[in-house]
1. Could you grab me the full set of residues in the range 127-145 that are in contact (Cβ under 8 Å) with a residue 40 or more places away in the chain and either basic (Lys, Arg) or farther than 11 Å from Ala103 by Cα (or both)?
2. Looking at the range 330-393, what helices (runs of 4 or more DSSP H) fall wholly within it and have at least 1 residues that are in contact (Cβ under 8 Å) with a residue 40 or more places away in the chain, in contact with a helix residue (DSSP H, G or I) (Cβ under 9 Å, 6 or more places away or on another chain) and surrounded by fewer than 24 Cβ atoms within 10 Å (Cβ to Cβ)?
3. For the range 103-150, give me each residue that is part of a helix (DSSP H, G or I) and surrounded by fewer than 16 Cβ atoms within 10 Å (Cβ to Cβ).
4. Checking the conditions here, which among Asp343, Asp352 is of a type outside the set (Gly, Ala, Ser) and more than 22 Å from Lys397 (Cα to Cα)?
5. Looking at this structure, is Gly232 among the small types (Gly, Ala, Ser), surrounded by fewer than 20 Cβ atoms within 10 Å (Cβ to Cβ), free of Cβ contacts under 8 Å to residues at least 12 places away in the same chain and away from the ligand (no atom under 14 Å from the Cβ)?
6. Quickly run through the range 193-219 and pick out the residues that are free of Cβ contacts under 8 Å to residues at least 60 places away in the same chain, more than 9 Å from the ligand (Cβ to nearest atom) and farther than 13 Å from Gly171 by Cβ.
7. What is the number of the single condition among (1) within 16 Å of the ligand (Cβ to nearest atom); (2) more than 17 Å from the chain's Cα centre (by Cα); (3) farther than 20 Å from Ile337 by Cβ that Leu284 does not meet?
8. Can Lys314 be described as of a type in the set (Lys, Arg) and farther than 24 Å from Pro372 by Cα?
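What follows draws every value from the coordinates through simple rules; no lab data is involved. This one's a predicted model, so the numbers in the text were calculated from it and none came from an experiment. Reconstructed Cβ throughout: ideal geometry from the backbone, glycine too, with neighbour counts over all protein chains shown.
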Amino acid sequence: MKIAVFGAGYVGLVSGSCFSDMGNSVIIYDNDSEKINDLDRLKIPIYEPGLYDLIRKNHSEGRLQFTNNVKRAISESDLIFIAVGTPEGEDGSTDITQVIQAAEIIGRNLDKYKIIIIKSTVPVGTNESIKNIIKSNLTSEIPFDMVSNPEFLREGTAIRDFMLPDRIVLGSDSGKAFEIMTDLYQGIAHTENPIICTSIQNAEIIKYASNAMLSARISFMNQLVPLCEKYGADIKEISKGMGYDDRIGTKFLQAGIGFGGSCLHKDVSSLSYILKENGFDNSLIQSIIDINKKQKIFIVEKMLDKMKELEGAKIAIWGLSFKPDTDDIRESPSIDIISELLDYGATINVYDPQANNNMRQIFPEVNYFNDPYSCAAGCNAIVLVTEWSIFKNLEFKKILESMKDKFLFDGRNIYDKFDMNHLGFKYYGIGR
Ligand code: UDX
C-alpha cells in the first residue's frame with residue numbers, strides 16, 4: 001500500500017519504518033526540513049533499539065522516503081497517518097494544534113479518496129472534529145474516511161511492539177476503511193492478538209483507559225510502599241503473591257520511584273481533565289498522578305532520614321532516562337530527584353548509558369560521567385534511578401572501596417538486599 005505518515009517523531013518514525021518493512025511504500029513527511037535532511041542521511045533523532053537498521057534497510061531498498069514536500073506526500077499515498085505530537089497543556093489538557101494543522105493541510109491538498117488515520121493520542125471526540133476540519137478545507141467534493149488507530153508502542157521495545165502487538169485497535173464508521181486497514185495489518189495480527197474493529201469514540205477512549213490502567217497499577221503498588229516498610233514486609237513479594245492470580249497478572253506491579261515517560265503522565269492527566277471538564281468524578285484517575293508525583297521524591301526523603309544531612313553530600317545518580325534502553329528523559333523521576341537534592345545543597349554526579357546529553361540541557365551544573373565507577377568514586381551515596389542492565393553486574397567491591405560513605409538507595413529494587421548489605425553497603429530499597 002502507499003502510505004504517508006505525518007510527523008517524523010517517535011511514533012511516526014517507528015510506525016513508518018515498520019510499515020515499509022512489511023512491504024508498503026512509505027513516505028514520512030515533516031515540516032522540519034533539517035530533520036528531514038538528517039533522516040535522508042540516516043541521522044536518526046532518537047535512540048530506539050533496531051530503528052536505525054530498519055530505516056537504513058528500507059530507505060536503501062526504496063520503500064521508505066522522507067520529505068518536507070507536503071503535496072508530494074499526500075498525492076503519492078492512499079493512506080495518510082497523522083502521527084504528530086499532542087503535548088500536555090499546563091492544566092493537563094491535550095494540545096491538538098499540530099493535529100489540526102495537519103488536517104487543514106490534508107483537506108486543502110486531498111486529490112482523491114483516501115483514508116486518514118489518527119495515530120496521535122487525542123481526546124475522545126477529536127476524530128469527529130478533525131473530520132469536519134478536513135471537510136471544510138476540501139477544494140472539491142472528494143470522499144475520505146477517518147480511522148482512529150491508537151499506538152501502544154513502548155520505548156525501548158517499540159519495533160517489537162509494532163510487529164507483535166497485543167492487539168490492533170481500529171475505530172471507524174466505514175466498512176471500506178475497515179477492510180483496507182485490516183488488509184494493511186493482516187501480516188501482524190493473529191488469533192491471540194486480534195484486530196479490534198470498533199467505533200471511533202471507543203478507540204479513542206481505549207487508548208486513554210489502557211494507559212490510565214497501567215499507571216493505576218503502578219501507583220497502587222507505590223501507595224503500599226510505606227506500609228511495607230513500617231511492618232518489615234517486601235513489596236516485591238507482595239507483587240509476586242498478587243501476580244500469580246490470573247485475574248491480576250504480573251505486569252506493571254513493580255513499585256519504585258514512580259512512572260515517567262512521555263505517555264503515561266500525559267494521558268492520565270488528559271483523561272482526568274476530560275472527566276473534570278465534563279463535570280464527572282475524576283478522583284480515582286487524578287490520584288494516580290498525585291501518588292506518582294509524591295513517589296518521585298520519596299527516595300530523597302528516605303535519604304534524608306538515613307543520611308541525616310544532604311547539604312554538602314556528594315551523590316551519584318545511576319541512570320537518568322525514564323526507563324532503560326531509551327535516551328528519553330521526559331517526566332523521568334531523575335529530574336525530580338536531582339532537583340530536590342540540589343535544593344538540599346548536595347553535589348551531584350550522574351551517569352546514564354544514553355541520556356547524559358539530554359540531561360545536560362536541564363542540569364548543566366551537575367557532573368557527567370561515562371561509567372558508573374567514576375561516577376560513584378568519592379560519593380557518600382549512590383541512587384539507582386534507572387535499571388539499565390549495566391548496573392546489575394558491576395564490581396561492587398571496587399565501587400565500595402572508592403566511596404566515602406557506603407549508602408546505596410535502590411529506586412528500582414534490582415539488587416538483593418542481603419547480598420548488598422553483606423558486601424558492605426548500607427542498602428535501602430523501596431518498600432522492603
Ligand atoms: C507507555 C505504554 O506502555 C505504551 O503502551 C504507550 O503507548 C506509551 O506509554 P512507555 O512510556 O514507553 O510506554 O513505557 P512503559 O514501559 O509503559 O513504562 C512507563 C513507566 O512506568 C517507566 O518509567 C517505568 O519505569 C514505569 N514502571 C513500569 C514502573 O514503575 N513499574 C512497573 O511495574 C512498570
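1. Residue satisfying the conditions is Glu128 alone.
2. Values: elements: 333-343, 356-362, 372-376.
Those helices (runs of 4 or more DSSP H) span 333-343, 372-376.
3. The first filter runs over the range 103-150 and keeps only residues part of a helix (DSSP H, G or I), leaving 103-109, 126-137.
If the condition is that a residue be part of a helix (DSSP H, G or I) and surrounded by fewer than 16 Cβ atoms within 10 Å (Cβ to Cβ), then Glu104, Arg108, Glu128, Ser129, Asn132, Lys135, Ser136, Asn137 are the ones that fit.
4. Working: Asp352 fails: more than 22 Å from Lys397 (Cα to Cα).
It is Asp343.
5. Working: among the small types (Gly, Ala, Ser): yes; surrounded by fewer than 20 Cβ atoms within 10 Å (Cβ to Cβ): yes; free of Cβ contacts under 8 Å to residues at least 12 places away in the same chain: yes; away from the ligand (no atom under 14 Å from the Cβ): yes.
Against the criterion (among the small types (Gly, Ala, Ser), surrounded by fewer than 20 Cβ atoms within 10 Å (Cβ to Cβ), free of Cβ contacts under 8 Å to residues at least 12 places away in the same chain and away from the ligand (no atom under 14 Å from the Cβ)), Gly232 qualifies.
6. If the condition is that a residue be free of Cβ contacts under 8 Å to residues at least 60 places away in the same chain, more than 9 Å from the ligand (Cβ to nearest atom) and farther than 13 Å from Gly171 by Cβ, then Asn193, Pro194, Met213 are the ones that fit.
7. With (1) within 16 Å of the ligand (Cβ to nearest atom); (2) more than 17 Å from the chain's Cα centre (by Cα); (3) farther than 20 Å from Ile337 by Cβ applied to Leu284, the lone miss is (1).
8. Details: of a type in the set (Lys, Arg): yes; farther than 24 Å from Pro372 by Cα: no.
Judged against the criteria, Lys314 is not a match.
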